[in-house]
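The structure appears right after this line, and notes come after that.
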Amino acid sequence: MIMFYSTKHLKAIYPAILIFTAIAFMMSSCVDQKQIAYFQKGSQDHDTITVAQAFVPKIQTGDILSISVGSLNPMASSFFNPYSTMPVASDNPTGGNTGGGGAPAAISQPAAPGFLVDSAGIIEIPLIGSIKVSGLSTSQLRVILKKRLVTYLKEPTVNVRFLNYKISIMGEVARPSVYVIPNEQITLPEALSMAGDLTIFGKRDNVLVIREHDGKKEFGHVNLNSRELYSSPYYYLHSNDVIYVEPGKGRIAQTDKTYQILPIILSALSFIAIIFSYSHIKL
C-alpha cells in the first residue's frame, strides 16, 4: 500500500529524522568526563593511599653498565675508565624517532660503549679481572668494586649506572617511542607524562604493561582512573617494560567508514528535506 504525505507532513518528519540521526552520531563519538579524569576517588578511598614499594633494579644478562672510577690520583684512576663518556637524554628529533605531528620524542643519543654483562652474568674490568654481577644492584656492585680497588687506589670512588635502562610506550599517546631512563627509576604516570600524556582517545581504564620476568611475559592491566594505581605492582616500571594504551571508541569511530560517510548522508538528507519543504509534489 502506497501512502501519500503532504508537504506539511514532510516538513515535520524530516527535521525530526535529521535531529535524531545527528544526536545518535554525537553520542556515539563523545567521551564521558569520568572516562578521562585521572586518579578518581572511589567510595571506599581515603585521601591517603599506600604506595607500592620502590623498585630496585638488579643487573641482568645483556645489561650494559657504565662504571666510572675516581681517586686522589686521577692518572691512576684512568686505567679503570676505558669508557669515560655516558649517554645523555635528549629531545633532539634528529637523534631518532619523533612523535606524531613532528613533535620530538625524548630519546637518547648514541650510547657510549660500556661493560656488557655476558651470558654468565660476568663483566671484565682492567686489572681487577672478572666479576660476577648478575643479580646485584648497582649499589651492591659499587661496594664490591671499592673493596677491590683499594689495592690499587687511595680512597677510591665508584659510580655504576645502567646504560640501557629503557621503556617502550605505544598506542594512544602524544609521542610513542623508546625512552632511555637515566636515573634508573620511573613510575607509570611519569612515563606517560614523558610521552606527552594520553590522547583524548586513549582508554585510561585499561593500560597494558608488558613485563618480562624469568623468561616469561607478564601482562598487567592498570586503571589510571583509579587511585589504586599507586598500590599496583606496575606503578614502578622495570627496564624493558612495554606500555600500550588501547584506543577507545572515539578513535575507532574516526577510522570507521560508516562514521566517515555519515556526515555526507546527513547533508544529503538535509538537501532532500529542503527540496521537499519548498515543493508541492506529493509522494
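The values are calculated or read from the model by the stated rules, or taken from the named source; none is laboratory data. This structure is a prediction, so every number in the text was calculated from the model and none was measured. Reconstructed Cβ throughout: ideal geometry from the backbone, glycine too, with neighbour counts over all protein chains shown.
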So, in region 240-278, of the ones that are at pLDDT 65 or above, more than 30 Å from LYS41 (Cα to Cα) and among the small types (Gly, Ala, Ser), which residue ends up nearest to the chain's Cα centre (by Cα)? SER267
Considering only region 167-208, state which residues are in a strand (DSSP E or B) and farther than 20 Å from PHE219 by Cβ. SER177, TYR179, VAL180
Within region 109-157, tally of residues that are among the β-branched types (Val, Ile, Thr) and under 17 Å from PRO182 (Cα atoms): 1
β-branched (Val, Ile, Thr), outside any strand (DSSP E or B) and under 15 Å from GLY171 (Cβ atoms) - does that describe any residue in region 210-230? no
Unmet requirement for ILE144, which otherwise passes all of (1) in contact with a Ser or Thr (Cβ under 9 Å, 6 or more places away or on another chain); (2) modelled with pLDDT of 95 or more: (1)
The correct count of residues that are more than 24 Å from GLY114 (Cβ to Cβ) and either of a type in the set (S, T, N, Q) or surrounded by fewer than 17 Cβ atoms within 10 Å (Cβ to Cβ) (or both) in region 152-173 is 3
If you scan region 213-231, which residues turn out to be in contact (Cβ under 8 Å) with a residue 60 or more places away in the chain and either more than 27 Å from PHE162 (Cβ to Cβ) or within 16 Å of the chain's Cα centre (by Cα) (or both)? LEU224, ASN225, SER226, ARG227, GLU228, LEU229
For region 46-87, which residues satisfy the criterion of being assigned to a loop (DSSP other than H, G, I, E, B), within 28 Å of the chain's Cα centre (by Cα) and within 17 Å of ILE122 (Cβ to Cβ)? LYS58, ILE59, GLN60, THR61, GLY62, ASP63
I'd like to check something: does region 4-19 contain any residue that is among the hydrophobic types (A, V, I, L, M, F, W, C), under 31 Å from the mean Cα position of the chain (by Cα) and at pLDDT below 90? no
Condition (residue is surrounded by fewer than 15 Cβ atoms within 10 Å (Cβ to Cβ), modelled with pLDDT under 75 and either in contact with a helix residue (DSSP H, G or I) (Cβ under 7 Å, 6 or more places away or on another chain) or of a type in the set (S, T, N, Q) (or both)) applied to region 70-90: is it met by at least one residue? yes
Just one of the numbered conditions (1) surrounded by fewer than 17 Cβ atoms within 10 Å (Cβ to Cβ); (2) outside any loop (DSSP other than H, G, I, E, B); (3) at pLDDT 95 or above is not true of GLY101; which one? (3)
Among (1) modelled with pLDDT under 95; (2) within 37 Å of the chain's Cα centre (by Cα); (3) of a type in the set (Val, Ile, Thr) - the single one ILE131 does not satisfy: (1)
If the Cβ limit is 6 Å and pairs must be 6+ apart or interchain, which residue in region 125-144 that is assigned by TED's automatic domain parsing to the domain that holds PRO156 pairs with which residue that is surrounded by 14 or more Cβ atoms within 10 Å (Cβ to Cβ) and of a type in the set (Gly, Ala, Ser)? LYS132/GLY121; SER134/GLY121
In contact (Cβ under 8 Å) with a residue 40 or more places away in the chain and either among the aromatic types (Phe, Trp, Tyr) or touching a Phe, Trp or Tyr at 6+ places or on another chain (Cβ under 6 Å) (or both): is that true of ILE167 in this structure? yes
